[in-house]
Amino acid sequence: SQITTLINHKDKPKRSDKTLQAIQRVGQAVNLAVGRFVTVGEAIANENHELKEEMNVACIEARRAGETIAQLTDVASLDHPESDSHITIFTDKTGVVKAARLLLSSVTKVLVLADRIVIKQIITSRNKVLATMEQLEKVSSFQEFVQIFSQFGNEMVEFAHLTGDRQNDLKDEKKKARMAASRAVLEKCTMMLLTASKTCLRHPDCESARVNKDGVFHRMRLALEQVIEIVTDSRPNGENEMAPISIYSGIKEFKNKVEGLRENLYFLSKENLSTMLEVVLEHTEDFTDSAYTSHEHREHILELSKQAKMELEQLVSVWMQAQNQKTKDLMEDLEVAILKTCQCMNELKREVHSAATSLAADLLKYHTDHMVLKALKITGVEGNLEAVAEYTCKLSEQKEQLVEMCRLLRHVSGTEPLEITCIHAEDTFQVTGPQIISAAETLALHPSSKIAKENLEVFCEAWESQLSDMSMLLREINDVFEGRRGEKRVYLSLPRPGKHNANLKALKPVKLDTEEQAKIAKLGLELHLLTSDVDSETEKWEDQENEIVQHGQGMSSMAYSMYLFTRGEGLLKTTQDLFHQAEIFAAEGTKLASALHAFSDQVCNDDKPLLLLEAEKLLSLCKQLQMTAKASAQGKSATFTKVDACILKTRNVMTLLCQLLPLCCKLLRKATGNGCLKPAPPWREDRIQTGTNAHSPERRAETFGIKSLENHVKNMTFLESK
C-alpha cells in the first residue's frame, strides 16, 4: 500500500514542504516495516537450518531494497531537489520502481519460505499425535494409559494452536470450512478417545467396547489426514477432489449460461445447455425419491421439472432462429424465453428449499426431547439387553432420517462452506449413531460399570451437540436464501448486536468509502505500529499469565482489528462494528487500570505515586474513548468524524500502554528482586503475530477443550484398575 502511494505520486512542478515530508515519512515507514519483517525472517532462518541460506538471501535483498527506497525518498531537507546532485525519487523514479519490484519479490520469497516451515511444523505435530495414538491403542494398564494420554493432550494442544492459526490464514472459504470440520471432529473425538479407551481397559474382553474404541481411533486418523490434505493442498494417490454438485450450484450455473445468450448467441451449444439441465433434474430425484419428502412437495418438484424442460425447448427453438436471422422480433422473443426459463428455475429452487428446510425443521423439533438417548441410558443401566436392542433400532431409524435431512439440506445450502458443513453433519450422524449403539451394548453387558455409563454419556452428548448445531445451520441456510447472510455475525471481542445498545436498530451500519479510508490511513498506520510495539513489550514478560500482560495483549489485538478497519479489511465491516470494538477496547483498558491499582500495593512506596498517576491517565483516556464511541452521529460527515475520533483516542491509549508495560515490568522486577524480563525470542513457533487475541473465545476454542481433558486425566484414580 505504501509502495503504491510512492509509485503513483504525481510529478507536480511545485512541491510543498508538506508533500516532501509526506514522501519522506512514507519511505521511512516502508524501510522500518521491512527492517522488522526481515528481523523475523532472519530469526526463522536461524531456527530452520535446511532453509537458512535461501531465507537469508531473500532477507538481504529485502533489506537492501528497503534502504534504497528510504534513500530515494530522503527529500524533505531539499529545497530544490531537481537541482541537487543527490539522487531522489524526483530525479530517478525508475530507481524506486526497481527497488519496489525487488522488495516485493524478496518479501514474497520470505513469505513462501516461512509458509513451508509452518506446513512442516503442522506435519511434524500431526506425526507426533499419530505416534502417541498408536501407543494409546496398545496400552494394557490404567497407569500407563494416564501417562501417555497426558502426553497426547499436550501434543493435541500444540496441534490445535498450529491448525487454528492456519485456519485463520486460509483465504479459500471452502478450505476454511473443511479445516473447521476436521478440527471439530478432533475436538469431540479427543474426549471420546479418553472414555472409550478407559472402558476398553476396564472391560478388556468386551467386543462392543473394542468396536467402540476402534471407531474413535479410525475417525481421528481420517480427520488428521484431512487436515494435512488441506494444509499441503494435496490428495492421496494424486486423486482430484470431486465434490458432489448441489441443486443450487447447478441452477446458478445453468442460469448464468442462459442469461449469457443475451451477450453472445454462439458461446455454447444447445447440447451443453440441455446436459446442464439434465444434471440439475437428476439431483431433484434425491427429493422425489426420498421417503421423507411430502406428497405435495414431490408433486410440485415433478411439475416444475417438466415445465423446465418445456421452457428450455422453447428457448432453444428461438435461440437457433436468432442465430440464423437476428431480427428485432426474434431478439424480443429470445428475451422472453430467457426470462421464462430463469423464472421456472427460480421456482424450482424455491420448491426444493422449502422441501428441505420444512423437513429439517420438523425433524429437529421432533427429536429435541432426545427420548431414544434417554431410554438407552436407562435400559443400559438396568442391563436390559432386549430393551437396548429395541431402542438401538429406533436410533438407527433416527440416524437415517437425519442423514437424509443433511443430504437434502446440502442441495439448498447456497454457499460452498455451508455445503461442507452439511456433509460434515451427515458424516457425524453416520459415525456417531453406531458408536452410541456399541457404547449402549457395553453398558447393558456391564450395568454396574461407572466408566461404561460415562462413555455412553459422552457419545450421547456428541449426538445432542450435533442436533443443536443443525438448528444453527438451518438458520444460516435460511438467511442465505432470504439474503440476510452476514447480519448476525458475532465478532471475537464484540458484544452481541442489541445486547448493549438499545438504540442499535435505529442506526444504519455503513462502511468507509475509498476517500475516507485514504484520509484515515496515516492514523491507522500509526495504530498498527503501536500494536507491534505493545506486542514486543508483552513478549518480554516471563509470566504470560500476568493480568497486566493479558489485558495488554487483548487491547493490542482489538487495536489491530481497528487498524485493519481503516484499510477496509478484517472482521470489522461497518462503522457500527468499529464503535462496538472501541467500547470493548475502552472497557478492557478500564480493567487494566484496576489491575494497575491492585499492582500498586506490591510496589515500593516511592514508586507507587507514579504508577497510580499513570493508571489515572489510562482511566481518563478510556472514559473519553467510551463517551466518543457511545455518542450518536447522524449523517456521513458526522459518522466519519466519530470514526476519526475513535481511532485517534485509541491511538492515545496505545501510546500510553507502550509506556506503561515496560514501567510495570521494571517495578515488578524491582519488587520481586529476581527479575521479570526474559530475552524475547524474535520468532516463536507457537505464535506469529496476528490480529487474534490470544485470550479470546476463539483462541480458547482452538485448544479443543484440552484443559478439561487434562483435568479429567488428573482426577482419574486407579480404583477402577483394581
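The values are calculated or read from the model by the stated rules, or taken from the named source; none is laboratory data. In this text the structure is predicted, and so the values were computed from the model without any measurement. A quick note on method: Cβ atoms are made from the backbone with ideal geometry, for glycine too, and the neighbour counts reach across all protein chains shown. Accessible surface areas use protein heavy atoms only, side chains included; no ligands, DNA or RNA. Shrake-Rupley method; radii C 1.70, N 1.55, O 1.52, S 1.80 Å.
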Q: Could I have the simple spin-label model distance between residue 627 and residue 138, label points 7 Å from Cα toward Cβ, reported in nm to one decimal?
A: 7.0
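Using the Cα gyration tensor of segment 214-333, with a ≥ b ≥ c the square roots of its eigenvalues, what is the shape: rounded (a/c below 1.5), prolate (a/b larger than b/c) or oblate (neither)?
Working: a/c = 4.40, a/b = 1.76, b/c = 2.50.
The shape class here is oblate.
Report, in listed order, any pair from 175/453; 120/591; 213/394; 257/306; 176/519; 138/450 with a Cα-Cα distance greater than 30 Å. Intermediate results must be reported in sequence, preceding the final value.
Values: 175/453 37 Å; 120/591 39 Å; 213/394 23 Å; 257/306 20 Å; 176/519 33 Å; 138/450 23 Å.
In this structure, 175/453; 120/591; 176/519 lie more than 30 Å apart at Cα.
Contour minus end-to-end for residue 131 and residue 214, with contour as 0.36 nm per residue of separation and end-to-end as the Cα-Cα distance?
Working: separation 83, 0.36 × 83 = 29.88 nm, distance 1.58 nm.
Between residue 131 and residue 214, full extension yields an extra 28.3 nm.
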Q) Packing-wise, with mean Cβ within 10 Å as the measure, how do 442-448, 365-371 rank, highest first? A) 442-448, 365-371
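Based on the mean of other beta carbon atoms within 10 Å per residue, what is the order of 64-70, 140-146, 452-458, 304-310, most packed first?
On the way: 64-70: 20.7, 140-146: 14.6, 452-458: 22.3, 304-310: 16.6.
Put in order of decreasing packing, that is 452-458, 64-70, 304-310, 140-146.
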(Q) I'd like the FRET efficiency for residue 101 and residue 666, computed as 1/(1 + (r/R0)^6) with the beta carbon distance as r and R0 of 45 Å, rounded to 0.05. (A) 0.50
Q) Accessible surface of residue 391 in the full protein assembly, 1.4 angstrom probe, to the nearest 10 Å²? A) 60
Q: At 0.36 nm per residue, minus the direct Cα-Cα distance, what do residue 598 and residue 268 gain on full extension? Give it in nm, one decimal, please.
A: 111.4 nm
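If you count only protein heavy atoms with a 1.4 Å probe, what accessible area per residue comes out for segment 341-424, rounded to a whole Å²? Don't skip to the end; give the middle numbers.
Details: 3610 Å² over 84 residues.
Per residue, segment 341-424 has an accessible area of 43 Å².
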(Q) Quick check: net charge around residue 405, other residues with Cβ under 14 Å of its Cβ, Lys/Arg +1 and Asp/Glu -1? (A) -4
Q.
So if each residue of separation counts as 0.36 nm, and I subtract the Cα-Cα distance between residue 291 and residue 371, what length gain in nm does that give?
A. 26.5 nm
Q. How far apart, in nm, are the 7 Å Cα→Cβ label points at residue 652 and residue 540?
A. 2.6
Q: State the Cα centre-to-centre distance between segment 410-445 and segment 93-133 in whole Å.
A: 37
Q.
Can you give me the distance in nm between label points at residue 18 and residue 257, each placed 7 Å from the Cα along the Cα-to-Cβ direction?
A. 5.8
Q: Mind ranking 271-278, 37-44, 313-320 by how tightly packed they are, going by the mean number of other C-beta atoms within 10 angstrom, highest first?
A: 37-44, 313-320, 271-278
